[in-house]
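Input: a single structure, listed below in structure tokens.
What follows draws every value from the coordinates through simple rules; no lab data is involved. Quantities reported herein were computed from a predicted structural model and do not represent experimental measurements. Cβ coordinates were reconstructed from backbone atoms using ideal geometry, including for glycine residues, and neighbour counts include every protein chain displayed.
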């Protein structure tokens, strides 16, 4: 999910899962929302290198980041603060910002899961903090 155009009118804010920030809680893709199903989609090991394949349906350039958070149980939503503490790096590097080039329709990257992070329920977030829609005076992207 991505709420770029709408997030500009809300001061750059989106829900944890990319839903518009002003949706009633639980938002559409969050725990308790109509789309959430609670499926564990994959199992990984601490410090494992994982392949991530992002399909870009609307290219606004900029870059993407990947974040992960351990969430207690299956009834609690992740917080942005927790996700921001665990920004993933490209494997064998310190790179955390993967550029989106104008013609990209797909980005495939190998990411390093962090040491010391284990969880029964991890939330994985793809974030696009900077794109041509978020560039404005005073933006951290400008």
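Cut-off is 10 Å between beta-carbons; in what order do 100, 8, 50 appear when sorted fewest neighbours first?
Ascending number of Cβ neighbours within 10 Å: 8, 50, 100.
Full-extension gain between residue 108 and residue 79, please, as 0.36 nm times their residue separation minus the C-alpha to C-alpha distance.
Taking 0.36 nm per residue and subtracting the Cα distance, the gain is 7.8 nm.
Between residue 120 and residue 22, what FRET efficiency follows from the Cβ-Cβ distance if R0 is 41 Å, with the result rounded to 0.05?
The value I calculate is 0.85.
Please work out whether the chain counts as rounded, prolate or oblate from its C-alpha gyration tensor, where a ≥ b ≥ c are the square roots of the eigenvalues and a/c under 1.5 means rounded, while otherwise a/b larger than b/c means prolate and anything else oblate?
It comes out oblate by the Cα gyration axes.
For residue 10 and residue 47 in the same chain, what is the full-extension length gain: residue separation times 0.36 nm, less their Cα-Cα distance, in nm?
Full extension from residue 10 to residue 47 adds 9.7 nm.
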